[in-house]
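Everything below concerns the one structure shown next.
The values are calculated or read from the model by the stated rules, or taken from the named source; none is laboratory data. The shown structure was predicted, so the numbers you read here are calculated from the model rather than taken from an experiment. Counting neighbours? That spans all protein chains shown, and the Cβs are built from the backbone with ideal geometry, glycine included. We work out accessible area using only protein heavy atoms, side chains counted, and drop any ligands, DNA or RNA first. Shrake-Rupley method; radii C 1.70, N 1.55, O 1.52, S 1.80 Å.
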Amino acid sequence: MIPLNLLREQPEKVIERLLVKHFDAKNLVNEILEADQKKRSCQKQLDDNYAEQNRIAKSIGMLFKEGKKEEAEAAKKQTAELKEAAKTLESDLAAWEEKINQTLVLLPNMPHSSVPEGKTAEDNVEEYRKGNFEKNFNYLPHWDLCSKKNLIDFETGCKLTGAGFPLYKEKVAKLQRALINFFLDEATKAGYVEVQVPYVVNSDSGYATGQLPDKEGQMYFVNEDKLYLIPTAEVPITNIYRNCLLKASDLPVKHCAYSACFRREAGSYGKDVRGLNRLHQFDKVEIVQIVEPETSYQVLEEMKAHVGGLLEKLGLPFRMIRLCGGDISFTSALTFDFEVYAKGQDKWLEVSSVSNFENFQANRMKLRYKNAEGKTQLLHTLNGSALALPRIVAGILEDYQTTEGDVVVPEVLHPYTGFERF
RNA sequence: GGAAAGAUGGCAGAGUGGUCGAUUGCACCGGUCUUGAAAACCGGCGACUGUAACAGGUCCGGGGGUUCGAAUCCCUCUCUUUCCGCCA
């Protein structure tokens, strides 16, 4: 949520920045500012009203103490009119506040100045690529390989649940477990404190990290208990600190967590959903940092380096891209995606997204700290996938294929898998 | 699922109708002392809103009510703890 103060002070700047996201904020901003004016005038009148009521109440207390009962009784009558007036003011005030909040949550975060212009993924900017992109034979897409070697059973997944819920078997099941442990160990080495989080969250948590109301339809919802299945561990991890006032010495907060992630992916049926490319349930190791505003872009670099390092250690060919204004998410100020090149299907697969949300989430969840001068200030939140499992598995299945149709396990995973090819 | 107790400032923990936004301890900040630190002592120290700055206002889990006046009384919801039941 964009801080209201910023809207008051520089509304034009906000509107201009949001245009980079192709979001026309002009009307919303004006509505907010108007409601804010009205709200403040209500507030002023109400405060004066309360002050008067308080003054009378206190004087009645004094009168009773002094035994002047009659005067006290007389004073009581004075407050009736004030209370009546207060009622109207209170309901007006509540209405304006409601209006402000409902409108404010509709505004996306402002993109960082380095976010490139652009409308779609086509306009994203490739920053670098790394690894071996050579193709010396005809690599199979992972779904063909999987059905050939009976590694992943998509049909039975359909039988159990539906499309997008595959059943991983034997070596691939173990490969996934190995990857999870590898990713968690690497994150731990980098100073991230591991946590295990709930996979279902309430709506307060959803609002705080920005999934609600923006992505309501993308989350599985348990109606009976009014709870949402997490689309990413980012939600529970960041929400650990919802409504918290941290000390400067607590920072930076660094957490990692493995979790299953659940996404309805409504409206995305089509060519990109084959095999492991897009699933309703998948595993992911997530890294989150909560830091002082001055350091957040430096920390973003650190997180990018961590993710890039993982892909290098796995030996997968990949590139890093800077998302353009049209492709960047509602909550993010700056996002870098990491994409693995899958040789079998000749496609780039997004395996990580690393973002700085600046104070957008912190403002929603009142996540603050006391800075060096003792002032309370909103913190910055960042997160990244490190990494998302199924597409990494797809990458390994395709890029580590041999001419015999086997798959070689990346060397760093050998201690975790206990086997070297399958 | 049943019963009981509870929810207060960054944390711990007093406070049961009238200067209580709240005693106290810890933490934190400043100072004295010290070569330096610790200890001790002195002082400061909640959040939000508002103001040029004061003032003013709101906040004792959430919501509602009683009252001139509520942290304190009533209703309700949520959560926590303990006991019982059930159970991985």
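Evaluate E = 1/(1 + (r/R0)^6) for A:TYR220 and A:PHE64, where r is the Cβ-Cβ distance and R0 equals 51 Å; express this FRET efficiency to the nearest 0.05.
Computed FRET efficiency for A:TYR220 and A:PHE64: 0.30.
For the range A:223-315, rounded, prolate or oblate, judged on the Cα gyration tensor with a ≥ b ≥ c (square roots of eigenvalues), a/c < 1.5 rounded, else prolate if a/b > b/c?
Here the range A:223-315 falls in the oblate category.
Would you mind telling me which residue in A:GLY374, A:GLY61, A:GLY395 has the biggest mean-square fluctuation in a Gaussian network model of chain A, where springs connect alpha carbons within a distance under 10 angstrom?
A:GLY61
Please say if the range A:149-294 is rounded, prolate or oblate, where rounded means a/c under 1.5 for a ≥ b ≥ c the square roots of the C-alpha gyration tensor eigenvalues, and otherwise the choice is prolate for a/b larger than b/c and oblate otherwise?
Oblate shape, in that a/c is at least 1.5 and b/c is the bigger or equal ratio.
Count the net charge of all other residues whose Cβ sits under 14 Å from the Cβ of A:THR188, scoring Lys and Arg as +1 and Asp and Glu as -1.
Combined, the nearby Lys, Arg, Asp and Glu give -2.
Using only the alpha-carbon atoms of the range A:61-115, report the extent along each of the three principal axes, biggest first, to the nearest angstrom.
72, 22, 10
Taking the Cα centre of chain A as origin and charging only Cβ (+1 Lys, Arg; -1 Asp, Glu), how large is the dipole, in debye to the nearest 20?
In total the dipole reaches around 640 debye.
What's the FRET efficiency of A:GLU34 with A:ARG177 using the Cβ-Cβ distance as r and R₀ = 60 Å, to the nearest 0.05?
0.60
Please report the spacing between the Cα centers of the range A:92-126 and the range A:296-339 in Å, no decimals.
The range A:92-126 and the range A:296-339 have Cα centres spaced 21 Å from each other.
Please compute the per residue accessible area over the range A:4-104 with all protein chains in place, 1.4 Å probe, rounded to a whole number of Å².
67 Å²
So what is the relative contact order of chain A, in percent, for Cα pairs below 8 Å that sit 6 or more residues apart?
Over chain A, the number comes to 20 percent.
Within chain A, what whole-number % of the accessible surface is contributed by carbon and sulfur, with the 1.4 Å probe and all protein chains included in the calculation?
49 percent
With 5 Å bins from zero, work out the P(r) of the range A:278-350 over every alpha carbon pair and list the percent per bin.
It works out to 3, 12, 19, 24, 24, 12, 5, 1, 1, in whole percents.
How about the range A:204-308: which trypsin sites (Lys or Arg not before Pro) there lie in a loop by DSSP and see at most 13 other Cβ atoms within 10 Å?
A:LYS226
What whole-number distance in Å separates the alpha-carbon centres of the range A:397-411 and the range A:163-238?
Answer, in whole Å: 29.
Ignoring everything but the protein chains, give the 1.4 Å probe accessible area of A:VAL273 in square angstrom, nearest 10.
Accessible surface of A:VAL273 is approximately 50 Å².
Rounded to the nearest Å, what's the spacing between the alpha carbon centres of the range A:13-39 and the range A:47-91? Just the number, please.
Distance between centres, Cα-based: 41 Å.
Okay, which of the range A:347-371 sit inside 13 Å, backbone N to the point 7 Å along the Cα-Cβ direction of A:PHE133?
A:347-349
Please find, in a Gaussian network model of chain A (springs between Cα atoms separated by less than 10 Å), the residue of A:ASN54, A:ASN356, A:ASN202 whose mean-square fluctuation is greatest.
A:ASN54
Please report the orientation-averaged projected area of the range A:378-422, defined via the convex hull of its C-alpha atoms, in nm².
So the Cα hull casts an average projection of 4.5 nm².
Taking each pair of different alpha-carbon atoms in the range A:4-104 once, compute 1/r for the pair, average those values, and report the inverse of that mean as the Kirkwood hydrodynamic radius in Å to one decimal.
When all Cα pairs of the range A:4-104 are included, the Kirkwood radius is 16.4 Å.
Have a look at A:VAL195, A:VAL354, A:VAL409 and tell me which one the Gaussian network model of chain A (Cα, springs below 10 Å) gives the largest fluctuation.
A:VAL195
Would you mind working out the accessible area per residue for the range A:121-417, using a 1.4 Å probe, and quoting it in Å²?
Using a 1.4 Å probe on heavy atoms only, each residue of the range A:121-417 averages 43 Å².
How much space per residue, in cubic angstrom, does the convex hull of the C-alpha atoms of chain A take up?
It comes to 179 Å³ per residue, whole-number rounded.
Rg to Rh for the range A:273-422: what is it, with Cα atoms only and Rh by Kirkwood?
1.07
Determine, from the Cβ-Cβ distance of A:GLU117 and A:GLU301 and an R0 of 25 Å, the FRET efficiency 1/(1 + (r/R0)^6), rounded to the nearest 0.05.
With a Förster radius of 25 Å, E is 0.65.
Would you pull out the residues with amide H under 5 Å of A:THR331's amide H, same chain only if 5 or more places away, H placed 1.01 Å from N?
Excluding prolines and chain starts, which carry no amide H, the hits are A:ASN109.
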